[in-house]
Amino acid sequence: MTPPRRIDMATDVLDITADWSVSARKRQPGPPQRIDGMTFGVVTLQPGESPHNGEMHPDGDEILYVVSGTATIASESEDALITLTAGQSHIVPKGVWHQVDCLEESVLIHLTPGPGGEARF
């Protein structure tokens with residue numbers, strides 16, 4: 001049995017695999033590491049500091065939840081920006097290119113499907 005440990009969601013993400021097991025790993029710079037399952041993460045964004053220039057998830061929908069601040073989601077399949085404030089969420093359909101930005105310092109939670117996916121940097 002693995003001893004319990006504290007997980008710092010400012011630096012780690014949680015991988016939820018297809019068999020529902022969960023493990024923590026350090027967030028790495030650059031393209032996100034994809035797994036066969038879902039990745040749960042918490043990110044703090046500054047205005048104009050999008051984590052990428054767009055991404056797409058072919059394996060499933062992505063859930064975005066704004067904990068604090070105001071975030072915008074631009075989608076290539078929709079004409080308008082979606083603006084979310086604290087307590088609101090958005091489901092990005094699988095296969096849709098999208099980009100997240102914020103209007104003020106914002107904290108977001110994401111539940112991102114894998115193993116496939118593309119990101120523009």
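The values are calculated or read from the model by the stated rules, or taken from the named source; none is laboratory data. Worth saying up front: this structure is predicted, and the values here are computed from it rather than measured. Heads up, the Cβs are rebuilt from the backbone with ideal geometry, glycines too, and the neighbour counts pull from every protein chain shown.
Name the single residue, out of those in region 17-43 being under 14 Å from THR112 (Cβ atoms) and basic (Lys, Arg), that is modelled with the highest pLDDT.
Among residues in region 17-43 that are under 14 Å from THR112 (Cβ atoms) and basic (Lys, Arg), the one modelled with the highest pLDDT is ARG25.
Based on this model, can you work out whether ILE82 counts as in contact (Cβ under 8 Å) with a residue 12 or more places away in the chain, among the aliphatic types (A, V, I, L, M) and closer than 18 Å to VAL107 by Cα?
Answer is no for this residue.
Go through (1) touching a residue at least 40 places away in the same chain (Cβ under 8 Å); (2) surrounded by 14 or more Cβ atoms within 10 Å (Cβ to Cβ) one by one and return the number of the condition ALA74 breaks.
(1)
For region 27-121, please list each of the strands (runs of 3 or more DSSP E) lying entirely inside it that holds at least 3 residues being under 19 Å from VAL13 (Cβ atoms) and under 13 Å from the mean Cα position of the chain (by Cα).
Passing ranges, in order: 37-45, 62-68, 106-113.
Any idea which residue in region 16-26 is surrounded by the most Cβ atoms within 10 Å (Cβ to Cβ), counting only those that are assigned to a strand (DSSP E or B) and not polar (S, T, N, Q)?
Selected residue: ILE16.
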